[in-house]
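The values are calculated or read from the model by the stated rules, or taken from the named source; none is laboratory data. Everything quoted here is computed from the prediction, not taken from an experiment. Because the Cβ atoms are built from the backbone with ideal geometry, glycine has one as well, and the counts that use them run over all protein chains shown.
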Amino acid sequence: MIIIQDKLVSDDVIKKQFKCNLNACKGACCIEGDTGAPLEEEERNTLEEIYSIVEPYLTEEGKQAIEEQGKSVYFPEAEEFGTPLIGGGPCAYLNFSEDGIVMCGIEQAYFDGKIEFRKPISCQLYPIRVEKNETVGFEALNYDIWDICSAACQLGKEEQLPIYQFLKDALTRKYGKEFFDELDSVAKQLE
């Protein structure tokens, strides 16, 4: 682990390679899992505010799940709020491209210039998962290894793209440019 500002960053975030390969996995991370995508408190409020704009980008099953469960759901096993799920499986905010790849309806609205919120930061940061320790007051950034992402690991290795570099925009969005620049500098020193 290394410390960047007041965050603990796993060595794997610097040393391991990763680049999403949607042609191989078809967006399986939006379909698999036991809970919805973790949401921060302000993101829950944002989803309430933007839902009417995002709704046309969602599947009928997703709209129905959101109508029944709400824009966000509390998952007791994870002890956090997340996106609602369709039948306990796929994220309710998903949609599909013409070639069958899972797309985020929220992100599609963002790319169309309809909203300023790209998608939950937990989704954009993946495969990093942030663990917060409220008692001690720190956050740990860990690499979440998931077999459905094996094609992303392979593509990252082929392109020699470290996880933190793949997630430059997400890390900058979450922690700021200074945090990313410091992480980049430390990573280069450790090479």
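For the range 147-165, a tally of residues being in contact with a strand residue (DSSP E or B) (Cβ under 8 Å, 6 or more places away or on another chain) and of a type in the set (A, V, I, L, M, F, W, C) returns 3. I'd like to check something: does the range 76-85 contain any residue that is among the polar types (S, T, N, Q), under 15 Å from the mean Cα position of the chain (by Cα) and either under 19 Å from Leu22 (Cβ atoms) or surrounded by 13 or more Cβ atoms within 10 Å (Cβ to Cβ) (or both)? The answer is yes; a qualifying residue exists. Taken as a whole, the condition of being crowded, with 17+ Cβ neighbours inside 10 Å, of a type outside the set (Lys, Arg) and either in contact (Cβ under 8 Å) with a residue 12 or more places away in the chain or part of a helix (DSSP H, G or I) (or both) does not apply to Gly100. For the range 20-38, filtered to residues that are in contact with a helix residue (DSSP H, G or I) (Cβ under 7 Å, 6 or more places away or on another chain) and part of a loop (DSSP other than H, G, I, E, B), the residue that is nearest to Ala92 (Cα to Cα) is Ala37. Yes or no: Phe179 touching a strand residue (DSSP E or B) at 6+ places or on another chain (Cβ under 7 Å) and either hydrophobic (A, V, I, L, M, F, W, C) or assigned to a helix (DSSP H, G or I) (or both)? Taking the combined requirement at face value, the residue satisfies it. Within the option set Asn142, Asn95, being in a strand (DSSP E or B), outside the structural domain of Phe180 (by TED's automatic domain parsing) and in contact (Cβ under 8 Å) with a residue 24 or more places away in the chain holds for one residue only, Asn95. The single condition among (1) assigned to a loop (DSSP other than H, G, I, E, B); (2) out of contact with any strand residue (DSSP E or B) (no Cβ under 8 Å at 6 or more places or on another chain) that Leu47 does not meet is (1).
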